[in-house]
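*Asks:* There's a structure below that I have some questions on.
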């Protein structure tokens, strides 16, 4: 049967053939996760995604969330799915079993998430937020806080959020004005307003635990004076019993372009002067805590975009195989029979672009998961640092680059359906609308680009970026030894060399008095680095495929491996040369975007 | 006051400084359109757009259209705007005054449309369709048909549509199955089903005149057997009085991603066997009539996209000037004051990209209007043919390239607003949703790319494309003589030379046994040709600006002209080098998109 969420064969390929996750099970920590177990987990996740989540995607979009006198209702059909998530223990897949987690390798959890997000990512936001809030408690909470909250959060009995953004402090977190005043009993009284809070209020759980960023009276200005607090919707007494409802309220939800199934709430804390919270972690170290969570949150956003892209691709592919329209380009005469549109060259070009993007991004994101897992099982500090560096440098790509490419995939996914794609009869337009948010939250893609140039390029004296280049070269070296890939490997190697030169150039520019100009090219740097990473991942995939084909793959596997060979060739021959042009732009370092006067933009 | 629809200064610049429309008034046909009159027309159009159309854009989106037992209601607030369009005689701006037209130069009408589309293009669809249907009557109708219908259509008393698409015949028009059988009285009985009919039914006008594509019994298969018919919603007797309601009915409207203000109707003709129509033009020549209308329709789609882009840009620009967030990149310490986000390098990069795209596209589209006007006033057959060739080769760019770029502008327009851009509180997300349809209708952008490679590149033995290159070279020659632009002109010239070589290469490929591969690169050809056209337009603009600045422009004009200099430099230095990479891809002519087996796409 045709697939519509994520290509199982390809997910399995990345897990087992590319990343060899069963190797992780040799380590005690992941001993339970043999290949057989992993396959079972993925099958269960896939079932849940296809049978329960996907069927309510559209209902979630159409019904949306409702707000009435402080109460928020999520789409009715989401309740059943939420219960299934709790029952199946899918919320804390990778976390400590002591607190209700499953102790799964991150790589495997990402494969499961590919199905979940592809089936219904607006639903998933409640799950992700709840888990993220729990993670903060696990990492920074006192024993008492963990005892009171953690298991209930990881098992989904209570929900969670992240109260960060304020009307005047969006991307600029340091500007926030929510205040905290210490009470005699050690709790804090919190006052302020927050916006854009996903699942800030909902009717899925009995309680909601809000991590809140606020400034303790008298704390320094900017990010150095921000602390993190835990504010439960309903107060939890020391014995775990419910106390009074807290003075935190939802004052409205946003009408949005997409992700209608996820309530985006405005929250008011302490309007009656009675909002109580407890400090989470150290005072004034709230931003540090945020940074710890940032990689996971940004990786999740990339996963959401991948979900949209992989579903949009499969839908488009199925449609292109079935929809008969027009004659074959080579057909003689107008009496020639109609053909499925997959036979039209420009449809093939679009599909191949969508396929390589989806598959390359899948490999990248799962690879980041593997790096996480390697950190957990490694005993070598250098090795841990190396993997952490790889993660740090790849995260802006996983968030900024992946979401940009995924949105393009979704746009082409509409395109392949023609007029039908623009209607709500098919899911394609929803994937496009939903996907757009991934460019914005958890740090806009502009911020990702600045992060890559400003922080990651020079991280560990440039070693992290260098390690990434070295990893890519391992693959090009292998591929050079494979006759069918030698040329493509050479082309990739040349592009990587040019990227290194480009990165060096812009890095120096950023540290000079041409800083403004350098940062005006930061986005292009993110794009060309992302292109190189895609080429790497696709060439890596093709190297495996070439070896399998040479050894004589099973007949049913042959088209899949040939598709891998085709994908690498397509990307390296049609995207990478364009990327070289973009590298020329960066090295050219034209300063006009920095230099132009504000008035010259016009519009007055 | 800040502008939000289209930049008046820039519109005036294109009309008067770049294209010198007042020269048209030297000719008898356009003698009424002095500069003063043109300015008055634009001011009136702009007022209507800003005061009446823009305020109901959101209402149109939220209220949308409703369908109830065959009747369709458009948004309530659109009725007043429609009446104003009738009163102001804005429907047939360029048409013969004999039939209620205004006899305006096309160039001027496009400037007016820039404001109309930017303010509310979903509303405009009813206007455009009504006019287009009238144009068919004017061009192909008998004297009787014109007498009965034309003036009522051009003045907006009656609406119009175009019944082309069928469920199994979308892009492949030749596959349509609606049939026509001749009656004894010379009328035809028509039977069939049509979909995606904009304004197929509405409550704005008393009657709706439907041009319908159908196949006369016994006509040849394919496009050679298609005829055009005129089917009024309410029959019109020979004396102009209303007869019986015709047997044509709307059976439903589409739920869509955007353009909610425009009803997209499914239509059934002859369900009771009583749908009557009259032949419009010659039997079996319906497709030829369609082709005559195609350029205008596709140019209009480009205009719609430009409207979205220009409004999204101006909104983003105003927001970026007002929204204070974060510190200046060069600011020392965290106590530095916040700055408007227009001061952040990546915001400037986005704004400059949006500006150059909007302005370059505006110049291109208005230029096509000027070519139309030149055809009308020229007495020289060669000159007419030359302008027609330029139009024909530019139309796929005006539709395919412009709509792609405009969508990117709208996406960045959301981006600059951050989280707010994703909410319905601001118009940005609607522009993005509305704009998406422009990729699809009037021939998908894939079809535009095929049109460029398959028909336009070789048109008049390649002379049309050659004339375009020659026009670009005129501008680069001029710019080479301007010191401030000499380098940019050289870079553009080199790109154009490379484009010519690339076009020659792919043209030969398309005529060889590598046809499938050539067409897999058709889209890239459209993109690089579009890039060259943008560079041309922006360099042309900069040449004028440089001359004005040298002569000593008025102080209030200086930033505008400097903005033109900046725009050309930005595009030529940051987009054109990427385009060169894309040309390498085309010339490389990799065949994988043609060669890959259908099964290798995966998903099964």
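*Asks:* Taking the inverse of the average 1/r across all pairs of different Cα atoms in region B:355-426, what Kirkwood radius in Å do you get?
*Replies:* In region B:355-426 this quantity evaluates to 14.2 Å.
*Asks:* Post the alpha-carbon centroid distance, region A:583-599 to region B:506-555, in whole angstrom.
*Replies:* Region A:583-599 and region B:506-555 have Cα centres separated by 21 Å.
*Asks:* Given 25 °C and 0.890 mPa s, how large is the Stokes-Einstein diffusion coefficient of region B:220-339 in µm²/s, with Rh as the Kirkwood radius over Cα pairs?
*Replies:* My calculation gives 122 µm²/s for D.
*Asks:* Along the principal axes of its C-alpha atoms, what lengths does region A:358-481 span, in descending order and rounded to whole Å?
*Replies:* Ordered largest first, region A:358-481 gives principal extents of 55, 37, 26 Å.
*Asks:* Quick one: Debye curve from the alpha-carbon atoms of region A:8-154 only, equal weights, vacuum; give me log10 I(q)/I(0) at q = 0.10, 0.18, 0.21 Å⁻¹ to two decimals.
*Replies:* Scattering profile of region A:8-154, log10 relative to I(0): -0.40, -1.10, -1.29.
*Asks:* Using the alpha-carbon atoms, what tilt in degrees (0 to 90, nearest 10) does helix A:35-48 show relative to the longest principal axis of chain A?
*Replies:* It works out to around 70 degrees.
*Asks:* Taking every Cα atom in region A:159-284, find the radius of gyration and the maximum pairwise distance Dmax, and write them in Å.
*Replies:* Calculated on Cα positions, Rg and Dmax stand at 14.2, 45 Å.
*Asks:* Helix-only mean residue ellipticity at 222 nm, chain A, DSSP H runs n ≥ 4 weighted -39,500 (n - 2.57), per residue, nearest 500. What is it?
*Replies:* The helix contribution divided over chain A gives -17000 deg cm²/dmol.
*Asks:* Quote the relative contact order of region B:122-207 in percent (integer), defining contacts as alpha-carbon pairs under 8 Å separated by 6+ residues.
*Replies:* After rounding, I find 31 percent.
*Asks:* For region A:8-154, calculate the relative contact order in percent as a whole number, restricting contacts to Cα pairs under 8 Å that are 6 or more residues apart.
*Replies:* Normalised by residue count, the contact order of region A:8-154 is 23 percent.
*Asks:* Let me ask something else. How many nm is it between the label spots at residue B:66 and residue B:36, if each spot is 7 Å from the Cα in line with the beta carbon?
*Replies:* Rounded to a tenth, the inter-label distance reads 5.0 nm.
*Asks:* Cα centroid distance between region B:147-172 and region A:201-272, in Å?
*Replies:* 55
*Asks:* Let me ask something additional. Quick one: work out Rg over Rh on the C-alpha atoms of region B:87-235, Rh as Kirkwood radius.
*Replies:* In region B:87-235, Rg relative to Rh is 0.99.
*Asks:* I've got another one for you. Quick one: helix B:576-588 against the long Cα principal axis of chain B, what's the angle to the nearest 10°, folded into 0 to 90?
*Replies:* For helix B:576-588, the angle is close to 60 degrees.
*Asks:* Compute the distribution of all C-alpha to C-alpha distances in region A:526-569, in bins of 5 Å from 0, and list the percent of pairs in each, rounded to whole numbers.
*Replies:* P(r) over region A:526-569, rounded to whole percents: 6, 26, 26, 18, 11, 8, 5, 2.
*Asks:* Against the longest principal axis of chain B, how steep is helix B:486-510, in degrees 0 to 90 to the nearest 10, with axes from Cα atoms?
*Replies:* Between helix and principal axis, roughly 40 degrees.
*Asks:* Same structure, new question: Using the alpha carbon gyration tensor of region B:296-352, what are the three equivalent-ellipsoid semi-axes (square root of 5 times each eigenvalue), largest first, in whole Å?
*Replies:* Semi-axes (√(5λ), whole Å): 35, 10, 5.
*Asks:* Additional query: Counting just the Cα atoms, what span does region B:215-270 cover along each of its three principal axes? Round to the nearest Å and put the largest first.
*Replies:* For region B:215-270, the Cα extents along the three principal axes come out at 39, 37, 16 Å.
*Asks:* How many Cβ atoms of partner chains, on average, are near each residue of A:569-579 if near means within 10 Å of its Cβ?
*Replies:* Per residue, the average neighbour count from other chains is 6.
*Asks:* Okay, moving on. In whole Å, what is the distance between the alpha-carbon centres of region B:316-355 and region B:467-500?
*Replies:* So the separation of the two Cα centres works out to 34 Å.
*Asks:* Tell me the distances, shortest first, between residue B:44 and the same position across the other copies, using label points 7 Å along Cα→Cβ, in nm to one decimal.
*Replies:* 7.2
*Asks:* Over the Cα atoms, compute the radius of gyration (one decimal) and Dmax (the largest Cα-Cα distance, rounded to a whole number) for region B:145-189, in Å.
*Replies:* 14.6, 35
*Asks:* Also: Working only with C-alpha atoms, what are the Rg and Dmax values of region B:542-604, expressed in angstrom?
*Replies:* Final numbers for Rg and Dmax: 22.2, 67 Å.
*Asks:* Calculate the mean, over all residues of peptide B:416-429, of how many other protein chain Cβ atoms lie within 10 angstrom of the residue's Cβ.
*Replies:* 5
*Asks:* Output the relative contact order of chain A, whole-number percent, from Cα pairs under 8 angstrom with separation of 6+ residues.
*Replies:* Once divided by the residue count of chain A, the mean separation gives 12 percent.
*Asks:* Over the Cα atoms of region A:409-506, Rg to Rh with Kirkwood Rh, two decimal places?
*Replies:* Using only Cα positions, Rg/Rh for region A:409-506 is 1.16.
*Asks:* Taking 0.36 nm per residue of sequence separation and subtracting the Cα-Cα distance, how much length would be gained by fully extending the chain between residue B:599 and residue B:424, in nm to one decimal?
*Replies:* Going from the current span to full extension adds 58.8 nm.
*Asks:* From zero outward in steps of 10 Å, how is the percent of C-alpha pairs of the protein assembly as shown spread across the bins?
*Replies:* Binned Cα distances yield the sequence 2, 9, 18, 23, 21, 15, 8, 3, 1, 0.
*Asks:* Computed over the Cα atoms of region A:52-122, what is the convex hull's projected area averaged over all directions, in nm²?
*Replies:* Average projection, Cα convex hull of region A:52-122: 5.6 nm².
*Asks:* Across region A:453-593, what fraction of all alpha-carbon pairs, as a whole percent, falls in each successive 10 Å bin from zero upward?
*Replies:* With 10 Å bins starting at 0, P(r) equals 12, 38, 28, 15, 6, 1, 0.
*Asks:* Let me ask you something else. How big is chain A along each principal axis, measuring the range of its Cα positions in Å and listing the largest first?
*Replies:* 83, 63, 56
*Asks:* Also, quick follow-up: If each residue of separation counts as 0.36 nm, what is the full-extension length gain between residue B:470 and residue B:380 once their alpha-carbon separation is subtracted?
*Replies:* Going from the current span to full extension adds 30.5 nm.
The numbers here are math on the coordinates, done by the rules we state, and not lab data. Remember, it's a predicted structure, so these values are computed and weren't measured experimentally. Glycine gets a Cβ as well: all are built from the backbone with ideal geometry, and neighbour counts include every protein chain shown.
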